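A quick write-up on the structure given underneath.
The values are calculated or read from the model by the stated rules, or taken from the named source; none is laboratory data. Since the model is a prediction, treat every value here as computed from it, not as a measurement. A quick note on method: Cβ atoms are made from the backbone with ideal geometry, for glycine too, and the neighbour counts reach across all protein chains shown. All accessible areas refer to the heavy atoms of the entire protein, side chains included, with ligands and DNA or RNA removed. Shrake-Rupley method; radii C 1.70, N 1.55, O 1.52, S 1.80 Å.
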Amino acid sequence: MSARQEWNHVPEVPIRVSPLWQWPPKPWAAFRWYFDSWFFLTVNLAIVAISFASLYWVSPSLEQTLNWEFGWVFGIWLRNAAIVTLLAGSLHFWFHRFSGQGSELKYDPRPFPRNGRMFTLNSQLWDNMVWTICSGVTIWSAFECLLWWSMANGYASVITFESNPVWFVAIFFLIPVWESFYFYWMHRFLHTDVMYRFHALHHRNTDIGPWSGLSMHPVEHFFYFGSVLTHFLIASHPVHVIFHLMFYGLLAITTHTGFEGVLFRNKKRLHLGNFHHQIHHRYFECNYGNLDVPWDILFGSWHDGTAEGKIRLKERLKSRSRR
């Protein structure tokens with residue numbers, strides 16, 4: 001089966017990782033890679049904006065979070081649930097309900113969503129929505145509430161922009177770097193025999209939509225959002241905690257649309273999903289990490305999107321099954 005028969009849309013292959021890891025060094029290419037991931041019309045920068053808006057308009061103060069109270073805890077859950085519903089719902093309606101750009105830039109030729117007994121309520125869409133809101137948003141919000149309370153009571157160190165402007169800004173850029181390291185190892189752990197029983201829920205989605213990104217078992221949500229506990233080790237601000245969790249939560253939604261990006265006037269204006277991760281949802285045992293750090297290349301789980309990459313994957317799986 002050719003790539004064009006197997007996939008509706010195939011971007012430029014072989015897939016490339018960050019030029020930061022190429023030899024000889026390519027400093028300008030590395031700079032452009034990271035600049036383009038942040039500026040100007042990017043998901044990263046949008047999440048920063050949403051984080052600050054959330055902090056100032058729909059978040060408690062540190063004084064309010066000194067004691068556990070239903071009001072501010074539920075307020076954080078409600079804010080996160082509303083943002084997730086608005087984002088995932090809008091992307092679902094645009095790409096899948098109304099086919100706003102048809103099949104242009106859609107990776108998988110199969111329709112989304114589907115029905116079947118493997119899904120909760122016999123529906124892929126409802127399965128994804130239930131696990132996203134009931135488990136994902138709840139565990140995400142629980143971690144956020146824990147950090148708010150800990151910062152208010154002195155268990156986690158707090159900085160402000162005025163006290164340390166360089167570190168305050170740097171944390172926003174360092175969180176995605178930490179995500180690149182953490183996600184690969186956490187994801188690889190979830191693919192072990194012990195943990196895959198939980199991760200299998202996410203892999204019900206061999207084709208994906210916006211609601212698929214956070215459709216996980218509660219155990220996986222705990223490990224996924226547990227990355228935010230690093231704020232017990234580094235001095236930060238509540239807005240960094242909000243951004244950290246939203247980076248994991250909202251990026252999961254935008255990267256699981258099933259489309260490479262949003263078209264406007266026949267040109268891609270906003271990048272969303274990576275073919276690299278779409279391949280993981282098709283074949284499972286490859287591309288555990290992301291493109292910022294080449295862990296998959298180093299540890300032999302890389303699929304570069306080419307026909308040769310698929311052959312190498314089959315050979316690796318056959319070799320593993322013989323052991």
Check your understanding: Which value, in Å² rounded to 10, gives the accessible area of R32 with a 1.4 Å probe and all protein chains present?
Key -> 100
Practice item. Bin all alpha-carbon pair distances of the chain at 10 Å intervals from 0 and give each bin's fraction as a whole percent. Key: 5, 25, 34, 25, 9, 2, 0
Review point. If you take all C-alpha pairs in the stretch 93-153, what percent of them are over 15 Å apart?
Key: 67
Review point. If you take the Cα Rg of the stretch 141-244 and divide it by 2.2 N^0.38 Å, with N the number of residues, what do you get?
Key: 1.23
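Summing +1 for each Lys or Arg and -1 for each Asp or Glu, what net charge is found among the other residues whose Cβ lies under 14 Å from the Cβ of L62?
Values: positive: none; negative: E63, E69, E144.
With Lys, Arg at +1 and Asp, Glu at -1, the neighbours total -3.
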Review point. With θ set to phi - 60° and the Karplus curve 6.51 cos²θ - 1.76 cosθ + 1.60, what are the ³J(HN,Hα) couplings of the stretch 35-45 in order, to the nearest whole Hz, using x for Gly and Pro?
Key: 5, 5, 7, 10, 10, 10, 8, 9, 5, 4, 5
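Give the average over all directions of the projected area of the C-alpha convex hull of the stretch 198-323, one decimal, in nm².
Working: hull surface 41.7 nm².
For the stretch 198-323, the mean projected area of the Cα convex hull comes to 10.4 nm².
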Point to revise | Accessible carbon and sulfur surface of the stretch 198-258 relative to its total accessible area, %, 1.4 Å | key: 77
Practice item. Please work out the average accessible area per residue across the chain, using the 1.4 Å probe convention, and give it in Å². Key: 50
**Study point:** 5 Å-binned pair-distance histogram of the stretch 1-74 (Cα, whole percent)
**Key:** 3, 11, 11, 11, 11, 10, 11, 9, 8, 8, 5, 1, 0
Study note, to complete from the structure: Magnitude of the Cβ-charge dipole (Lys and Arg +1, Asp and Glu -1) of the stretch 1-79 about the Cα centre, nearest 20 debye, reported as 340
**Study point:** Only Lys, Arg (+1) and Asp, Glu (-1) charged, at Cβ; the chain dipole about Cα centre in debye
**Key:** 1200
Review point. For the stretch 154-212, what's the radius of gyration and Dmax over Cα atoms, in angstrom?
Key: 17.7, 48
**Study point:** Sequence-distant lysines (8 or more away, or on other chains) whose Cα lies within less than 24 Å of K310
**Key:** K106, K318
Point to revise | Rg/Rg_ref, the stretch 1-157, where Rg_ref = 2.2 N^0.38 Å and atoms are Cα | key: 1.39
Review point. So which aspartates and glutamates can K314 reach, going by Cα to Cα under 13 Å and dropping same-chain residues fewer than 8 places off?
Key: E285
Practice item. Hand me the GluC sites (Glu not before Pro) from the stretch 119-218 located in a DSSP loop with no more than 13 other Cβ atoms within 10 Å, in residue order please. Key: E162
Practice item. Go through L78, L233, L41, L263 and list them by solvent-accessible area, largest first, probe radius 1.4 Å. Key: L233, L41, L78, L263
Practice item. Please state the charge dipole magnitude for the stretch 144-244, taken about the Cα centre, from unit charges on C-beta atoms (+1 on K and R, -1 on D and E), reported in debye and rounded to the nearest 20. Key: 160
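What does the charge count near L87 come to, summing +1 for each Lys or Arg and -1 for each Asp or Glu among other residues with Cβ under 15 Å from its Cβ?
Values: positive: R79, R97; negative: none.
With Lys, Arg at +1 and Asp, Glu at -1, the net is +2.
By average Cβ neighbour count within 10 Å, what is the ranking of 289-295, 103-109, 171-177 from highest down?
Values: 289-295: 21.0, 103-109: 18.9, 171-177: 17.1.
Per-residue mean Cβ counts within 10 Å order the peptides as 289-295, 103-109, 171-177.
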